[in-house]
Amino acid sequence: MGLYQDRILPHLVNMAMRNRDLLPYRERVISAAEGRVLEIGIGSGLNLPFYPPQAREVLGLDLSPRLLAMSRHAANQSSAPVTFIEASAEAIPLDDHSIDTVVTTWTLCTIPAALQALGEMRRVLRPSGHLLFVEHGLSPDANVRKWQDWLTPAWKRIGGGCHLNRPIRKLIEDASFGITELETGYIKGPNPMTYLYQGRAKPV
Ligand SMILES: C[S@@+](CC[C@H](N)C(=O)[O-])C[C@H]1O[C@@H](n2cnc3c(N)ncnc32)[C@H](O)[C@@H]1O
């Protein structure tokens, strides 16, 4: 890993993800977590304060040792015990059907093999479990999509692999999840970066 990826990018990710406009989304998504929870791409642990009492245990998985270290510092803000796992979302080192809730927040944009990772999330979820997500991705507006496609190659290079144009709904459904709740729309900021998908899905 280069100096930028290893040392600078984790701090930029931490700063960018502290955007206050994202807080209501974190609060809403995380408040529905229950049981044994797996958070994919936990980053610097910004969701940890929002886990409700019905989340019995949180497993925070991330590829980045530096972001995991920041997350460890935030662990005391969680009401549930937190365990950290340094691993890739494309190969989750957990047993089949061992998780009640999988959480992803602004992470599917960055995972290189997002469909494979969603397949792994489905594998570890119990049949009665659910996936909770809030992600940015492909806009329904042709003019915005054009910018998303045009900007993504350069954006990926500075943004740690972040794609602006991932079709989040399609990816989740292609991984054999059924979406049971979905809200979409732009938040404050440039349209190519701010079209959000927030919802819940279950294995089908
Ligand atoms: C934009 S950050 C979001 C962090 C956090 N979810 C939040 O809401 O603040 C994306 C996170 O995904 C992690 N990530 C990217 N690719 C990954 C992979 N293949 N496996 C696990 N984590 C990954 C990054 O290290 C980073 O922490």
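The values are calculated or read from the model by the stated rules, or taken from the named source; none is laboratory data. Everything numeric in this text was worked out from a predicted model, so none of it was measured. Positions of Cβ are generated from backbone atoms using ideal geometry, with glycine treated the same way; all protein chains shown enter the neighbour counts. Just so you know, the surface numbers come from the protein's heavy atoms only, side chains and all, with ligands and any DNA or RNA stripped out. Shrake-Rupley method; radii C 1.70, N 1.55, O 1.52, S 1.80 Å.
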Q. Inside region 99-146, can you point out the residues that are hydroxyl-bearing (Ser, Thr, Tyr) and within 26 Å of Tyr186 (Cβ to Cβ)?
A. Thr104, Thr105, Thr107, Thr110, Ser139
Q. Is one or more of the residues making up region 139-152 open to solvent by less than 30 Å² (accessible area, probe 1.4 Å) and outside any helix (DSSP H, G or I)?
A. yes
Q: All but one of (1) open to solvent by less than 10 Å² (accessible area, probe 1.4 Å); (2) within 13 Å of the ligand (Cβ to nearest atom) hold for Leu63, so report the exception by its number.
A: (1)
**Q.** Where a residue in region 25-51 is farther than 20 Å from Met70 by Cβ and its partner, wherever it lies, is away from the ligand (no atom under 12 Å from the Cβ) and aromatic (Phe, Trp, Tyr), with Cβ under 9 Å and at least six apart
**A.** Ser31/Tyr51; Ala33/Tyr51
Q: Report whether or not Pro127 is assigned to a strand (DSSP E or B) and open to solvent by 20 Å² or more (accessible area, probe 1.4 Å).
A: yes
Q: Give me a count of the residues in region 80-89 that are surrounded by 14 or more Cβ atoms within 10 Å (Cβ to Cβ) and more than 10 Å from the ligand (Cβ to nearest atom).
A: 3
Q: Please verify whether region 90-106 includes one or more residues that are within 9 Å of the ligand (Cβ to nearest atom), surrounded by fewer than 18 Cβ atoms within 10 Å (Cβ to Cβ), within 24 Å of Pro167 (Cα to Cα) and within 14 Å of the chain's Cα centre (by Cα).
A: yes
